[in-house]
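Below is one structure, written out as structure tokens; comments come after it.
Read-outs: derived from the displayed coordinates by stated rules, not from any lab. As the structure is a computational prediction, the values presented were derived from the model and not from experiment.
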């Protein structure tokens, strides 16, 4: 690496800066998540807080910052994989039996999104020249070719599953927007209730969408 390139990579800018920014922005969702405590939402809130701590350590260039960040990302992947396995049977059962599968669909799409995000950022922290330059103590032994191929295949499989689900999810969200607006317009749903429990409102809109189609 040339001296000029090394100078450009000093500091927590670039993609590393984006990761830190997103980590702190995620904190905004913690109070909302805590309004509806479940095992899943509490787990996500804890992970968000842990990631924010890791991001703070990255800014301070703590020697253990990248290790803590990797630990968070592996934890996120593990938690989302566990909840995917929890929601998948419900989705498969409702879908195969002709029942309303929309809610279960959004649940598994969310977990796959978390797995995909963790895979992307773990790959970044493994290969990034900026990370290697600013956190030399975080370097890991070079992985074997077999491990690299396996890791890449995991990413390919997740992408091939997640992207179509994302497109379908956006289609469903576009279809329930008029239902939500109509519910608010008729007074069935107040803006206050929308702010207090948006997930319940989405669930109700998805139920009405399903009933309109079946």
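Over all alpha-carbon pairs in segment 3-213, figure out the percentage whose distance exceeds 25 Å.
50
If a/c stays under 1.5 just call it rounded; otherwise compare a/b with b/c (prolate if a/b is bigger, oblate if not). Do that for segment 119-172, with a ≥ b ≥ c from the square roots of the Cα gyration tensor eigenvalues.
It comes out oblate by the Cα gyration axes.
Under the rule of -39500 (n - 2.57) per DSSP H run of 4 or more residues, summed and divided by the residues of the chain, what mean residue ellipticity at 222 nm is obtained, to the nearest 500 deg cm²/dmol?
Rounded to the nearest 500, it is -27000 deg cm²/dmol.
Angle between the Cα long axis of helix 198-213 and the longest principal axis of the chain, 0 to 90 degrees, nearest 10?
For helix 198-213, the angle is close to 50 degrees.
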